[in-house]
Amino acid sequence: MLHFWTFVFFIFSLLCDGFFAQDENRVVFSFGTFQNVSVPENGSVQAVVTRIPTDVSFITLQFHTQHHNATLSYTRVPLPGFSLTAADTGLLSTLTPTQSSLSWFLLAPDGDTVAGTGVILPYRSGDPVPGACNMEFALDIDPNVYVRYNLFETIITFAPANVGYNRGSSPPECDVSTGPGTRWRLVYDIYQYFLPESDLSEQSLIVSLERVANVLSLREHGKKVASLTSNDKSTMSFSSIPGQGVIYSVIVRDPVLNTSASYIPAHTYACSFASKLDDCKTLGKISTKVFFTFAGLAGLLVCFFGHRFFKCELFCMGFAFSAFFFFVLITRTTILDYDIRLALTALIGTVGGVFLVMCWWRFGSVMACVVVVGLLLGFLLASVVFFTPLGDLDVFRSDVVFWVTFCCIVVIVPILFVRWPREGNIITCGVAGAYAVVLAVNAYTYTSLSYITLDILKRFLNSNFSRAFISVPFQDIDFILLTVWVVLGVSGIALQLYRERSRPFFPPSPYLMWRQERERRKTNVLDPSHHTPSFPARFVSRVRQLTCRPEPAGERTPLLL
């Protein structure tokens, strides 16, 4: 029924062209060729394609803007169910047996001029029809990929497709039971394409969209992340990467006829261009930059001098250990502002660092402190393991399997430290200290290496994050920072191993040294130091010497008054 009304609206639009020609902009499209279109304020543009070959059964029009909404409509006046408003919009029109031309209408919904790029793609009768079995969205046939995001994940959703059919034929039923001749044989390939890092320009987006607009170019340039059958839910979750442009698209395949069709690609930066406080161009908060700048400087010190200045190293390790888990706790249990949470995290981290130093100072248990250091290195090692494609295996979608495996990797490292405590401590200083430098750089410019630990933090904070794919772009800046990480880490480890080769494994506890000295003086009366006045007595005597004035020469105190 909808196809009949679409045809009626199309005929009506053609009849009205003569009356509205003075107000209507007309743009003629060619198949597969991108066309830049500017929609005037409070106006509309008619997109037209002519000379449609007879073997084409349906056509899609897609129109993209960077962040402004545009309305794409079957009719001159947008109607519910016959139009769509978004930054990435697309419509699919089926053709009648004798139809050789087609038109749509582009409008600016917010009253401002909207500029974007569009393309028209033809499909034949054997190709699947994207979104033809839509039961969720407004359009009867909806070939669009819908994207929504939050701090943790980006979720894409699309309507199921149907098998292809000839012009003028009735479409196959969508609710027919499974079988080789129904839509249930179709397979959906999910693709992801990353824009250049830190590039928020509109030109970069347009060039990228041209690379993934159709089936062939999407397979060539995009990254296939998953395949869904018709029995699976038509939705997929990815890790959010604020400030990083990503294009998502879907190819529906008919394995029986070996044909395919592409949905309308959609893009996101996982941030808002309209926000007045923290938009896509000013993502880095001042508080975050200050926090990680100090963390980077401390990491650089620990990387090269951590074992030599053992108390400073323990403070930094205790700070990192306590700050991470407190941030998780306060984020899950409160709704405080981010800056307040970061300030409290820094405070608790300082307390944790001081506590670890005082534990070593009072009890002198080096192994207990080294275990904490080993857990930190184990956490970083486990995070690196799950940052690789291993982390996207289906088995690790289970929280139980993931956390058991993660904890096993974390615990193994401190066990090894029992045998080689000094070497393990120095390795931790080099690896963790150098990574802190990478995080400091990330506060000023985007790098995917920050997601080594950020993905684990997201999984701590969001119970549903386990279903998200954690793939991130690995581009030039990431290779540069990976090299910096390796060079700093190896240099710091080699320098400390060389410098500490002839020194004691660990410095002694000051408190235990003081107690041993006191016990030695009490028990060994033959030791000359036993008769040396205590430090408080010596201090008082010295103060008296400095404050008492010497007697003038020639004066004597009489013996008798």
Out of (1) of a type in the set (D, E); (2) under 19 Å from A434 (Cα atoms); (3) surrounded by fewer than 15 Cβ atoms within 10 Å (Cβ to Cβ), the odd one out for E313 is which? (3)
Are any of the residues in segment 410-425 in contact with a helix residue (DSSP H, G or I) (Cβ under 6 Å, 6 or more places away or on another chain), surrounded by 14 or more Cβ atoms within 10 Å (Cβ to Cβ), farther than 23 Å from F292 by Cα and modelled with pLDDT of 90 or more? yes
Within segment 303-335, residues within 19 Å of V366 (Cβ to Cβ) and not in a helix (DSSP H, G or I) come out as G306, H307, R308, F309
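Would it be correct to say that L121 is in a loop (DSSP other than H, G, I, E, B), touching a Gly at 6+ places or on another chain (Cβ under 8 Å) and within 30 Å of D254 (Cβ to Cβ)? Before you say what the answer is, go through the steps one by one.
Details: in a loop (DSSP other than H, G, I, E, B): no; touching a Gly at 6+ places or on another chain (Cβ under 8 Å): yes; within 30 Å of D254 (Cβ to Cβ): yes.
In short, no.
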Go through (1) of a type outside the set (D, E); (2) within 29 Å of the chain's Cα centre (by Cα); (3) surrounded by fewer than 18 Cβ atoms within 10 Å (Cβ to Cβ); (4) more than 20 Å from T259 (Cα to Cα) one by one and return the number of the condition G116 breaks. (3)
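Among the residues of segment 228-268, write down those that are in a strand (DSSP E or B) and among the small types (G, A, S). Write out each step before concluding.
Step one: filter segment 228-268 for residues in a strand (DSSP E or B), giving 228-229, 235-239, 246-254, 259-262, 264, 266-268.
Those that are in a strand (DSSP E or B) and among the small types (G, A, S): S237, S239, S249, S260, A261, S262, A266.
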Among the numbered criteria (1) buried (at least 22 other Cβ atoms within 10 Å of the Cβ); (2) closer than 27 Å to L79 by Cβ; (3) not hydroxyl-bearing (S, T, Y), which one does L218 miss? (2)
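Can you tell me which residue among A226, A213, A159 is assigned by TED's automatic domain parsing to the domain that holds I59, crowded, with 22+ Cβ neighbours inside 10 Å and over 24 Å from A115 (Cβ atoms)? Spell out how you get there, then give the answer.
Values: A226 fails: crowded, with 22+ Cβ neighbours inside 10 Å; A213 fails: over 24 Å from A115 (Cβ atoms).
Criteria check complete, one pass: A159.
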Are any of the residues in segment 35-51 part of a loop (DSSP other than H, G, I, E, B), more than 39 Å from the chain's Cα centre (by Cα) and either crowded, with 16+ Cβ neighbours inside 10 Å or modelled with pLDDT of 85 or more (or both)? yes
Could you tell me whether I409 is in a helix (DSSP H, G or I), of a type outside the set (S, T, N, Q), closer than 27 Å to K285 by Cβ and out of contact with any Lys or Arg (no Cβ under 8 Å at 6 or more places or on another chain)? no
Quick check on segment 87-113: of everything there that is within 28 Å of G168 (Cβ to Cβ) and not in a strand (DSSP E or B), which residue is nearest to the chain's Cα centre (by Cα)? L95
Scan segment 328-343 for residues that are free of Cβ contacts under 8 Å to residues at least 60 places away in the same chain and within 16 Å of T288 (Cα to Cα) and report the count. 8
Please work out which one of (1) hydrophobic (A, V, I, L, M, F, W, C); (2) surrounded by fewer than 22 Cβ atoms within 10 Å (Cβ to Cβ); (3) out of contact with any Leu (no Cβ under 8 Å at 6 or more places or on another chain) is the condition V145 fails and give its number. (2)
Tell me yes or no: at least one residue of segment 191-210 is in contact (Cβ under 8 Å) with a residue 12 or more places away in the chain, surrounded by 20 or more Cβ atoms within 10 Å (Cβ to Cβ) and over 30 Å from Y444 (Cβ atoms). yes
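The values are calculated or read from the model by the stated rules, or taken from the named source; none is laboratory data. Predicted, not measured: the structure shown is a model, and the values here were computed from it. Methodologically, a virtual Cβ is constructed for each residue, glycine included, from the backbone with ideal geometry; neighbour enumeration extends over all protein chains shown.
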